[in-house]
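Derivation of every value follows stated rules applied to the coordinates shown; laboratory data play no part. Given the structure is predicted, the values throughout are model-derived calculations rather than measurements. We place every Cβ from the backbone using ideal geometry, glycine too, and count neighbours over all the protein chains shown.
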Amino acid sequence: MPFSKLGLYSSLVRGAQALGYTEPTPIQAQAIPVVLSGRDLIASAQTGTGKTAAFALPILNRLGPHRATGPRVLVLEPTRELAAQVDESFQKLGQFTDFKSVVLHGGVTLGPQRNALRAGVDIVVATTGRLREFLDGTLIKLDTIEVLVLDEVDRMLDMGFIEDVKAITRLCPANRQTLLFSATIPPQLAEVAKFALTKPLRIEIAREKPVTASVNHVIHPVSENQKLDLLLGLLKRDDFKSVIVFARTRKGADRIAHQLRLENQACVVIHAERTQGQRVDALDKFKTGRCGVLVATDIAARGIDVANVSHVINFDVPLHAEDYVHRIGRTGRAAATGDAVTLVTPQEANEIVAIEKLIGQKITVVPVEGFAYEGGSAPRIDPANPLANSPKRAGHQQSLGAGGKQKGDSGGNQDKVYKGKAFGGGNPKWHSKGKPGAQWRKSNGG
Ligand code: AMP
């Protein structure tokens with residue numbers, strides 16, 4: 001069904017077309033008519049499915065022209081990046097309509113946000129912290145809100161913002177329309193939904209397989225102390241053009257970035273401890289292709305929507321299986337394809353089980369020659385262990401068990417060579433004789 005058949009004004013259909021959207025995605029086809037009807041909605045959809053336009057288009061449709069009566073739409077987002085990105089989507093989709101919006105988030109001075117509020121806005125896109133700061137003053141009241149959007153609510157729950165969400169919801173009029181979007185709907189969300197929504201319709205998209213089919217998943221078994229070398233090797237490959245490297249912790253992200261730079265591998269970093277200026281600058285460099293490698297933590301990367309991310313590399317296996325879905329949602333977005341590469345140590349192997357259960361598929365194990373689990377132990381042959389059961393790709397040389405040799409102390413030729421299709425099957429781009437790190441420094445002139 002084309003956008004023109006969904007009951008949207010032609011100016012909004014043009015807005016969608018200007019972004020290259022020819023057809024609504026499933027979540028858009030289902031949610032747009034519901035939002036237009038004024039009903040409350042709970043929608044769960046996998047990340048990267050077009051969730052933003054699913055609420056932005058019908059909301060803009062409902063709004064009509066700008067009125068100086070106070071904000072009529074409030075969208076709550078868990079992170080600054082996501083807030084900025086959703087506001088940008090409103091701007092782009094509504095470029096042929098007349099409305100004013102402001103994005104309120106921390107990490108930047110209050111001045112411009114204050115000025116925008118004073119001038120009068122129709123739509124407020126906010127993180128809970130900065131919004132509450134403003135609510136303590138007199139510049140904004142929520143009693144004119146007609147539509148409340150709670151976006152990525154599972155993440156707000158994880159981040160401990162749910163009480164804030166409830167407090168803000170209480171300040172909105174009872175007869176508002178409320179839309180709740182969440183990639184996953186954990187049981188705790190039922191309570192929030194009961195609190196915030198009235199007789200909601202529920203839409204579930206691809207709950208069975210929350211991972212876009214266009215992503216290829218690969219596991220590389222590796223020992224902890226070789227992860228960095230493996231990462232460096234991957235990043236040197238031609239097909240790793242635009243890569244997000246995920247670390248579990250801020251310190252871990254900083255450490256990876258530091259090590260990459262020591263090896264002359266340019267990268268930018270985002271995590272919650274970086275200033276807003278640094279975060280914006282890093283994302284901008286990555287989005288515009290001036291830097292091909294972004295090192296990020298889960299929370300900071302949540303809002304990232306970059307076209308053509310070729311690879312997501314999980315340097316650390318994520319703590320929660322849901323985070324895997326969000327991480328790899330950064331690649332293979334919309335119709336594009338991408339690769340999700342996870343570096344797995346024996347200690348992390350069990351966490352893969354939960355991930356495979358969630359995504360409903362086994363992840364292919366592709367040993368990389370020269371890298372293996374410490375001490376040469378191959379993955380356990382255990383039916384409960386997906387590493388052992390995963391299909392091995394033809395053409396891959398099983399190098400597990402060669403752990404003792406990979407340090408180059410055998411005297412033999414221990415060149416590290418990527419083989420097989422999972423790496424594009426191309427020519428080996430890098431070699432390491434002797435201590436891998438040392439060789440990197442040598443071959444990169446660093
Ligand atoms: P979202 O899930 O809202 O973050 O959207 C994921 C990506 O899909 C963004 O890059 C959108 O611009 C893109 N997108 C959203 N809707 C469509 C559509 N109908 N056709 C093509 N791309 C879309």
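For SER101, the amide hydrogen comes within under 5 Å of the amide hydrogens of ASP122, ILE123, counting only partners 5 or more places away or on other chains and with H modelled in the peptide plane.
Extending 7 Å from Cα along the Cβ direction at ARG114 and again at GLN17 yields two label points whose distance is 4.4 nm. Distance from the alpha carbon centroid of the range 54-121 to that of the range 5-45 works out to 18 angstrom. Each peptide in 245-258, 111-124 was scored by the mean count of other Cβ atoms within 10 Å over its residues; highest first, the order is 245-258, 111-124.
Taking amide H as placed 1.01 Å from N in the peptide plane, the amide H of ALA272 sits under 5 Å from that of ALA300, each at least 5 places away or on another chain.
List the pairs from LYS51/LYS199; LYS241/LYS285; LYS92/LYS166; LYS51/LYS236; LYS141/LYS166; LYS92/LYS141 whose alpha-carbon separation is above 23 Å, in the order I gave them.
Values: LYS51/LYS199 21 Å; LYS241/LYS285 14 Å; LYS92/LYS166 30 Å; LYS51/LYS236 34 Å; LYS141/LYS166 16 Å; LYS92/LYS141 26 Å.
Going by Cα-Cα distance, LYS92/LYS166; LYS51/LYS236; LYS92/LYS141 fall outside the 23 Å limit.
About its Cα centre, the dipole of the range 109-253 is roughly 140 debye, where the only charges are +1 on Lys and Arg Cβ and -1 on Asp and Glu Cβ. Annotation: amide H-H contacts under 5 Å for THR184 (H modelled 1.01 Å from N, sequence separation of 5 or more, or interchain): ASP154.
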